[in-house]
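Novice: A single structure is presented below for examination.
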Amino acid sequence: MSNVHELTYLKEKIQELKDTGVYRQLPVNAGPCEAVIDLNGKEVINLSSNNYLGLANHEKVKKAAIDAVNKYGAGAGAVRTIVGNMDIHEELEAVLAKFKREEAVVVFQSGFACNAGAIQAITSKGDLIISDELNHASIIDGVRLSKADKAVFKHSDMNDLERILKEKRDSYNNVLIITDGVFSMDGDIAKLPEMVELAEKYHCLTYVDDAHGSGVLGENGRGTVDHFGLHGKVDFSIGTLSKAIGVVGGYVAGSKTMKEWLLHRGRPILFSTSLPPAAVGAIIQSVKMLMESSEFTDKLWNNARYFKDKLSKLGYNIGKSETPITPIIIGDEKKTMDFSKALLDNGVFVSGIVFPTVPKGTGRVRCMITANHTTAQLDKAISIIEKVGKTLNII
Ligand SMILES: *Cc1c(COP(=O)(O)O)cnc(C)c1O
């Protein structure tokens, strides 16, 4: 028998990844996350980041991070419930509550940690969680950590959601409906008004993870809830500070009661060190800039509209996105990966996304447009996408 420490069982699984063509090497970016990056030693146009507003490398945001390090040091030193709650963490939550137009905000170390901690804390045995089938992996894991029962409704299908509610509502104490605000693979927006109506009809709680909506939708990027004017109607409004805000972190916005409880039972808050001062200082700066001006979100949407319009005129299938997320749907898995690779060889980095991340036969490359792209960069990317698409007989 071989030595167990050789991890043969993992080696076998890795070989399986290689045999099925899904093994990958991590791309290496040698500089900041910008519209043009030095990827694996080659200059390429970056159509793959979540840095929607270009804040990740903004001078003012970097300066705020440096100032926070000078004042508070590199690390927070403890979890928030012991001595890791600095006055800037309090300031951050106040600024975010104002931005989100909600009573209170609790910050977590990431969007992932937020879902892993919040969902289990606000549900118990005897409750039911109903989740959209396309919800993000961190929601799926968060739901797994809850003692509540689980049900899944067909993507954005309000009839299916109501079917489950009719069948099961009466057998449970609380029912929590969970959805992404914006679905990251297709760029479509959740049917929040209808969902909130159903939640009211059946006395349910609502939980919206707006990772791709915050900084993008609503007034100056206030998110999907603001976009639909549903303030006060969504009980738990989740956002990340890692995408449009350009730094790292996650939060729940909602009522003071929500905050009081999560500060006692949100396990990542109790058992994991709080966000480092640099991140907190940078986020406060980003959010303040967003509140002051619509310059960032206007630029993002102008770029997205420009890019989408040109791609559909070229004859590409760009799906049903309602946000700057722009999929180019290819279908076949291998062809999708070939397309992505050829684009990279020609100077455009846009990741290929295939099964199991999206359903079989719906492979796509996903273009992420940001406020940072210049028109010249977008034009160059479009002409490369045209050339490669013609070579591969996609258009
Ligand atoms: C990206 C994403 C997350 C994770 O956020 P991080 O801050 O990167 O951990 C959570 N939920 C959704 C819907 C996401 O798209």
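Novice: Just the residues that are under 20 Å from PHE349 (Cα atoms), outside any helix (DSSP H, G or I) and out of contact with any Asp or Glu (no Cβ under 6 Å at 6 or more places or on another chain), please, taken from the range 289-320.
Specialist: Across the range 289-320, the qualifying residues are TYR316, ASN317, ILE318.
Novice: Given the options SER131, SER156, SER184, SER138, name the one that is modelled with pLDDT under 95 and crowded, with 17+ Cβ neighbours inside 10 Å.
Specialist: Just one listed residue meets the conditions, SER184.
Yes or no, residue by residue, for (1) free of Cβ contacts under 8 Å to residues at least 60 places away in the same chain; (2) surrounded by fewer than 16 Cβ atoms within 10 Å (Cβ to Cβ); (3) in contact with a His (Cβ under 9 Å, 6 or more places away or on another chain); (4) among the aromatic types (Phe, Trp, Tyr):
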residue	(1), (2), (3), (4)
ASP309	yes, yes, no, no
ASN317	yes, yes, no, no
LYS335	yes, no, no, no
THR374	no, yes, no, no
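Novice: Do you know which residues across the range 361-379 are assigned to a strand (DSSP E or B) and in contact with a helix residue (DSSP H, G or I) (Cβ under 6 Å, 6 or more places away or on another chain)?
Specialist: GLY363, VAL365
Novice: Quick check: is even one residue across the range 30-38 in a helix (DSSP H, G or I), touching a Phe, Trp or Tyr at 6+ places or on another chain (Cβ under 9 Å) and surrounded by 15 or more Cβ atoms within 10 Å (Cβ to Cβ)?
Specialist: To start, the set of residues in the range 30-38 that are in a helix (DSSP H, G or I) comprises none.
No, there is no match, as no residue in the range 30-38 is in a helix (DSSP H, G or I), touching a Phe, Trp or Tyr at 6+ places or on another chain (Cβ under 9 Å) and surrounded by 15 or more Cβ atoms within 10 Å (Cβ to Cβ).
Novice: Please list, ordered by residue number, the helices (runs of 4 or more DSSP H) wholly in the range 198-288 having 3 or more residues that are within 16 Å of the ligand (Cβ to nearest atom) and within 27 Å of MET368 (Cβ to Cβ). Working first, answer last.
Specialist: Numbers: elements: 224-227, 256-265, 267-271.
Output list reads 224-227.
Novice: Any residue at all in the range 214-227 that is within 23 Å of SER146 (Cα to Cα) and open to solvent by less than 20 Å² (accessible area, probe 1.4 Å)?
Specialist: no
Yes/no per residue for (1) within 14 Å of the ligand (Cβ to nearest atom); (2) outside any helix (DSSP H, G or I); (3) over 17 Å from the mean Cα position of the chain (by Cα):
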| residue | (1), (2), (3) |
| --- | --- |
| CYS114 | yes, no, no |
| LYS125 | no, yes, yes |
| SER146 | no, yes, yes |
| ALA151 | no, yes, yes |
| LEU165 | no, no, yes |
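Novice: From the list ALA118, ALA74, ALA78, which one is surrounded by 14 or more Cβ atoms within 10 Å (Cβ to Cβ) and either touching a residue at least 60 places away in the same chain (Cβ under 8 Å) or away from the ligand (no atom under 16 Å from the Cβ) (or both)?
Specialist: Result: ALA118 is the single residue among ALA118, ALA74, ALA78 that is surrounded by 14 or more Cβ atoms within 10 Å (Cβ to Cβ) and either touching a residue at least 60 places away in the same chain (Cβ under 8 Å) or away from the ligand (no atom under 16 Å from the Cβ) (or both).
The values are calculated or read from the model by the stated rules, or taken from the named source; none is laboratory data. All of these numbers come straight from a predicted model, not from anything done at the bench. Here the Cβ is made from the backbone with ideal geometry for all residues, glycine too, and neighbour counts use every protein chain on show. Calculation scope for accessible area: heavy atoms of the full protein, side chains included, ligands and nucleic acids excluded. Shrake-Rupley method; radii C 1.70, N 1.55, O 1.52, S 1.80 Å.
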